[in-house]
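Taken together, the values in this text are just the output of simple stated rules run on the coordinates, not laboratory data. None of the values given here were measured: they were computed from a predicted structure. Cβ placement follows ideal geometry from the backbone for every residue including glycine, while neighbour counts extend to all protein chains displayed.
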Amino acid sequence: MTSRRHARPVATLFAVLTAVACSAGSQDAGGSGASTAATARTPENARDLAALLVTEVPSGLARVADSDVDPPAGEKSLADVAGYADDPGYERDVLEDYGYRYGWERFWGTPGGTVTSVFVDQFDDAPGAAAYAEDLAGDGADYYAGMLRHDPAVLPDGCRLLTVERPDPDSRVTGPAAFAWCAHGTFSVAVSAVTGGEGGSVEAATEEVTAVVTEQLDRLPG
């Protein structure tokens with residue numbers, strides 16, 4: 001399998017932090033009912049996957065409308081994800097090696113301030129999902145120069161946690177932040193929390209990420 005690091009969650013987080021509006025409404029499939037691994041069926045398309053994403057976050061942040069993110073959040077195809085790279089053609093080949101099928105993105109918060117994001121991607125098999133999550137974590141650690149921990153005690157097995165207490169201003173992240181990347185069967189899950197403004201802390205960001213990851217993994221089959 002080709003090894004390549006991807007900056008998609010980082011790039012999309014940049015976009016939402018500079019968006020101009022936010023909305024508390026939900027416009028995606030899924031509703032408010034919680035799904036669990038015991039009852040969830042393996043998605044057959046991106047809309048099925050959307051129904052398994054978390055709909056609220058513990059911090060109570062308002063949903064950001066998919067259309068208010070640039071590029072828009074919501075459904076992501078292989079071509080969409082490849083388009084985040086400097087070389088989309090090469091990236092597309094790499095994603096095909098991973099067995100990438102489709103993904104879904106969702107955001108909560110205030111642009112330029114406190115933001116929580118969830119990215120769930122589905123692959124043909126578990127090794128592809130695990131390799132993708134590993135590369136995303138490595139990319140995030142390189143970019144933010146934060147502390148990356150493998151299988152931290154606060155997260156389920158197969159997860160990596162990155163904490164950034166004082167982000168570089170060039171990163172456009174507005175405050176202490178935490179990022180998690182997890183492999184779960186044929187799924188890769190990425191969750192981030194940026195605590196901008198007064199009162200922001202790595203501890204608060206980590207608590208948010210931990211709670212969202214736990215719920216999100218519980219919603220997925222496998």
Checklist line | In Hz, Karplus ³J(HN,Hα) per residue of segment 78-84 (6.51, -1.76, 1.60; θ = phi - 60°; x = Gly, Pro) | finding: 4, 5, 4, 5, 4, x, 6
Item checked: Amide H partners (placed H, <5 Å) of MET147, local residues excluded -> THR163
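Cβ neighbours within 10 Å, averaged per peptide: list 186-195, 158-167, 128-137 in order, most packed at the top.
On the way: 186-195: 27.3, 158-167: 20.1, 128-137: 22.9.
With the highest mean Cβ count within 10 Å placed first, the list reads 186-195, 128-137, 158-167.
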Check: Based on the Cβ-Cβ distance from ASP124 to ASP70, what FRET efficiency comes out when R0 is 41 Å, to the nearest 0.05?
Finding: 0.85
Check: So if we plug the beta-carbon distance of ARG41 and VAL154 into 1/(1 + (r/R0)^6) with R0 = 30 Å, what FRET efficiency do we get, rounded to 0.05?
Finding: 0.55
